[in-house]
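Written below as structure tokens is the structure these notes are about.
The values are calculated or read from the model by the stated rules, or taken from the named source; none is laboratory data. Source: prediction; values computed, not measured. All Cβ positions, even for glycine, are placed from backbone atoms using ideal geometry, and neighbour counts span all protein chains on display.
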Amino acid sequence: MYISPAALYSDIFYAVQSKINIQIPVFKNTGGVSAPSDAINNGYPVNFTDANFEEILLKYLDGDRSDETVNEAIDAAIVATSSRYGVDENLVRAVIKAESGYNPLALSKAGAEGLMQLMPGTADALGVVDSYNIYQNIAGGTQFLKDMLDKFAGDESLALAAYNAGPGNVSKYGGVPPFEETMNYIPKVLNYKEQYMLDQYKQSSGKRDV
């Protein structure tokens, strides 16, 4: 029987929560895709298999912070959370690239933390206890990104503007706020997304050619 990484992600998280004494945020239903999802099954090449997904998760949550395990954990978390919330996997990757350069310990001068640079207040509202925990940070950041996509009718530019400058500013200005940082942020993220889409296509093509 096939079990998607997203389903494993949810099941294993709660199974190991008591073992490692880490509170894990509950996923909120924001109208996205519920796990298990066909999103992973239809054209989304991943860098891990169902067989080793549990091993990756447990290694990371048990304290393994080797580069290999951290990279695998980030990849696994992106696939699982993008599926859970129905957000384009490549958009999540692009936001992480722009926000932190894939540094799980990133801390901005403004106090934003972790891979998706969650402000403490935002993290708290999303139920994220530890913003430096890869899984909690990506789960919270992806949930927030999904909320912004829903709020602005799927418009990625407006959702990214809201992610960067806050939804209040997008509503206030009736579109992308006239902030230099935000106006530079949107094309940067969308360019990263296009690059990841191209890489994904090449990876898929390579697999088909074998």
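The residues in region 78-125 that are in a loop (DSSP other than H, G, I, E, B) and either in contact with a helix residue (DSSP H, G or I) (Cβ under 9 Å, 6 or more places away or on another chain) or within 28 Å of TYR201 (Cβ to Cβ) (or both) can be counted, and the count is 15. Looking at region 171-182, I want the residues that are within 14 Å of ALA159 (Cα to Cα) and have a partner that is modelled with pLDDT of 95 or more and surrounded by 11 or more Cβ atoms within 10 Å (Cβ to Cβ) with Cβ atoms under 6 Å, at least 6 apart or on another chain. Which pairs are those? From residues that are within 14 Å of ALA159 (Cα to Cα), the pairs are VAL176/ALA161; PRO177/ALA165; PRO177/ASN169; THR182/ALA161; THR182/ASN164; THR182/ALA165.
Residue-level check: of (1) buried (at least 20 other Cβ atoms within 10 Å of the Cβ); (2) farther than 22 Å from PRO120 by Cβ, SER171 misses just (1). Scanning region 166-197 for residues being closer than 15 Å to VAL92 by Cα and either of a type outside the set (Val, Ile, Thr) or at pLDDT below 95 (or both) gives a total of 11.
Candidates GLY127, GLY140: the one that is closer than 25 Å to GLY63 by Cα, in contact (Cβ under 8 Å) with a residue 60 or more places away in the chain and crowded, with 23+ Cβ neighbours inside 10 Å is GLY140. Every residue in region 122-165 that is modelled with pLDDT under 95 and either on the phi > 0 side of the Ramachandran plot or acidic (Asp, Glu) (or both), please. Listed by number, the residues that qualify are ASP124, GLY127, ASP130.
Can you tell me which of VAL129, VAL87 is of a type outside the set (Ser, Thr, Tyr) and within 25 Å of LEU198 (Cβ to Cβ)? First the steps, then the outcome.
Details: VAL129 fails: within 25 Å of LEU198 (Cβ to Cβ).
Selected residue: VAL87, the only one of VAL129, VAL87 that is of a type outside the set (Ser, Thr, Tyr) and within 25 Å of LEU198 (Cβ to Cβ).
The single condition from (1) modelled with pLDDT of 50 or more; (2) in a helix (DSSP H, G or I); (3) in contact with a helix residue (DSSP H, G or I) (Cβ under 9 Å, 6 or more places away or on another chain); (4) over 22 Å from LEU149 (Cβ atoms) that ASN71 fails is (3). Checking each residue in region 152-195 for being small (Gly, Ala, Ser) and not in a helix (DSSP H, G or I) picks out ALA153, GLY154, GLY166, GLY174, GLY175. Every condition in (1) under 17 Å from GLN203 (Cβ atoms); (2) crowded, with 20+ Cβ neighbours inside 10 Å; (3) at pLDDT 75 or above holds for ILE40 except the one numbered (3). In the list LEU198, LEU149, which residue meets the criterion of being among the aliphatic types (A, V, I, L, M), assigned to a helix (DSSP H, G or I), more than 14 Å from VAL87 (Cβ to Cβ) and under 22 Å from the mean Cα position of the chain (by Cα)? Result: LEU198 is the single residue among LEU198, LEU149 that is among the aliphatic types (A, V, I, L, M), assigned to a helix (DSSP H, G or I), more than 14 Å from VAL87 (Cβ to Cβ) and under 22 Å from the mean Cα position of the chain (by Cα).
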